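The values are calculated or read from the model by the stated rules, or taken from the named source; none is laboratory data. What you are looking at is a predicted structure, and each value in this text was computed from that prediction instead of being measured. Cβ: placed from backbone, ideal geometry, glycine included. Neighbour counts: every protein chain shown. For the accessible areas, the whole protein counts, side chains as well, though only heavy atoms, and no ligand, DNA or RNA atoms are used. Shrake-Rupley method; radii C 1.70, N 1.55, O 1.52, S 1.80 Å.
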Amino acid sequence: LCSFLGLLYQEYRDKSTREEIETRRLQDSQTDPEETSLSEETPSEAEPTSTIENKAPPQINLLRNSNSRFNLWQDLPEVQNSGVLSILQPDEIKLQEAMFELVTSEASYYKSLNLLVSHFMENERLKKILHQSEAHILFSNVLDVMAVSERFLLDLEQRVEENIVISDVCDIVYQHTVSHFSVYITYVSNQTYQERAYKQLLQDKPAFREVISQLELDPKCKGLSFSSFLILPFQRITRLKLLVQNILKKVEEKSDRESTALDAHKELETVVKACNEGVRKMSRTEQMISIQKKLEFKIKSVPIISHSRWLLKQGELQQMNGPKTSRTLRTKKLFKEVYLFLFNDLLVICRQMPGDKYQVFDSAPRGLLRVEELEDQGQSLANVFILRLLENADDREASYMLKASSQSEMKRWMISLAPNRRTKFVSFTSRLVDCPQIQCVHPYVAQQPDELSLELADVLNILDKTDDGWIFGERLHDQERGWFPSSMGEEILNPKIRAQNLKECFRVHKSDDSQRRKLGSRNRQ
């Protein structure tokens, strides 16, 4: 079905995001963003190199030439020979590029999915090694995902065939998202089981390890790992949302194409959120069960496990002993260890006991927590903050003076404990005219629940930063918030580019209910 493209989707994705980073760097170094040329402003995710050999027509003439390597719609011979480039406005050409990228990148994605199935899943040696249940966990419903991608690609190709100037693609995206893309939620929700099964198989079955290694070495795989194929569906559904955002930024305001792009984006956002929730749900439940087993209550017991509860942050802090007048005592006697478990709706304060147990001596609803930083108190009180429980386990107000190991750790605790507290810089949802921004140049995988995983070319507003190299950011395309090392990104210095990023962001989300968005962002803390 798919022997047409030179590059696999993983290669496309990497190439596209790196081009995006370079484009922003170039724009950032210029005084006027309009100076950037068209080819720099519309990095393409795909390089079609020939056409898909479908079971049924249509076959796209635009993609048929097996020797072609077109980055852009405007480079296609059919487009160049038609004379449309001299008629179309520059903005319309940019829009054509954005729509063309969505089509060609789907073709690339389908090629990679096809390789996952034909090269790995249907390998006879692998079939003999794996039990049916193991194969099911490992590959999940990938055949359904591939069938959905094929149907989607056929409709996109048919649209491109209708006219050299593409009329729209977002209406097709909308129809397929509503009718077929639930298969992505099933696949992605299985991710935790899938990762665990894969690690277990590598560990327990040398024959499995050997076959996978051999299959990965095949030139078809272009040096890419088996696991990079397994995560394709989640990467694609997220990327598809960004590609629709890119189209949305380029369509005329209040036009039919804007309306279909907004509809498609809204439906994709729903699917992406459901995928994220599916991934989180299982790991959260397991984590809550594990924590419950470790807790021993000195106070009245609080049931920990709840379907609507999850862990936000845990860790050790130093609690100041005695009244404030005892500050003159030697530092060693000032503080003793406490251990905090902070959930989305509850805080429990413990002392760590032998055998990985924790004795709970106080608790409070998260909504009844207040924090206050102690400033300029000398070295012994550096990174100290006050935590107030407006209503604790004894139904009274309680205060704790807590010392963190670093400035970043203190700020991270303060923001997690009291998420509605003002940060150093105001969130973009306040419609602030300017705010520090950063673009991700190195991917980052979150290590703690209060951290944010970053993809290449993500753009974030900087809400807070620390002297020891951490940033608290809010990603523009989905308003997710979290901490990440400042070394992962480059600050965007050009105020015009920052303003342009914000303007585009408001436009993408203008059909959303702003209050719901703000609440959602806070709840994700």
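A few remarks follow.
- With DNA, RNA and ligands ignored, accessible area of Trp310 (1.4 Å probe; Å², nearest 10): 50 Å²
- Label-to-label distance for Lys266 and Ile289 is 3.9 nm, based on points extended 7 Å past Cα in the beta-carbon direction.
- Over region 70-289, relative contact order from alpha-carbon pairs under 8 Å, at least 6 apart, %: 28 percent
- Residues of region 130-169 with amide N under 16 Å of the 7 Å Cα→Cβ point at Leu85: 164-166
- Residues Arg370 and Leu224, FRET efficiency given R0 of 30 Å [Cβ-Cβ distance, rounded to 0.05]: 0.05
- Pairs exceeding 29 Å between alpha-carbon atoms, taken from Lys357/Lys465; Lys465/Lys496; Lys94/Lys222: Lys357/Lys465; Lys94/Lys222.
- For the pair Arg209 and Ile164, the difference between a 0.36 nm per residue extended length and the Cα-Cα distance amounts to 11.4 nm.
- The Glu92 and Tyr193 beta-carbon pair, evaluated with R₀ = 56 Å, returns a calculated FRET efficiency of approximately 0.75.
- Short-range pairs are left out: with C-alpha atoms under 8 Å and at least six residues apart, the relative contact order of region 437-517 is 28 percent.
- Simple label model, 7 Å out from Cα along Cβ direction - Ser453 to Arg25, nm: 2.6 nm
- Separation of the Gln175 and Asp356 label points, Cα + 7 Å toward Cβ, nm: 5.4 nm
- Under 13 Å from the Cα of Lys266 - aspartates and glutamates, other chains or at least 8 residues apart: Asp171, Glu258, Asp478, Asp512, Asp513
- Net charge of Cβ neighbours under 12 Å - reference Glu490; Lys, Arg +1; Asp, Glu -1: -2
- Multiplying the residue separation of Glu134 and Glu491 by 0.36 nm and removing their Cα-Cα distance gives an extension gain of 124.0 nm.
- Loop trypsin sites (Lys or Arg not before Pro), region 345-419 (other Cβ atoms within 10 Å of the site Cβ: 10 or fewer; DSSP): Arg396
- FRET efficiency for the Asp468 to Lys127 pair, using the beta carbon distance and R₀ = 56 Å, is estimated at 0.60.
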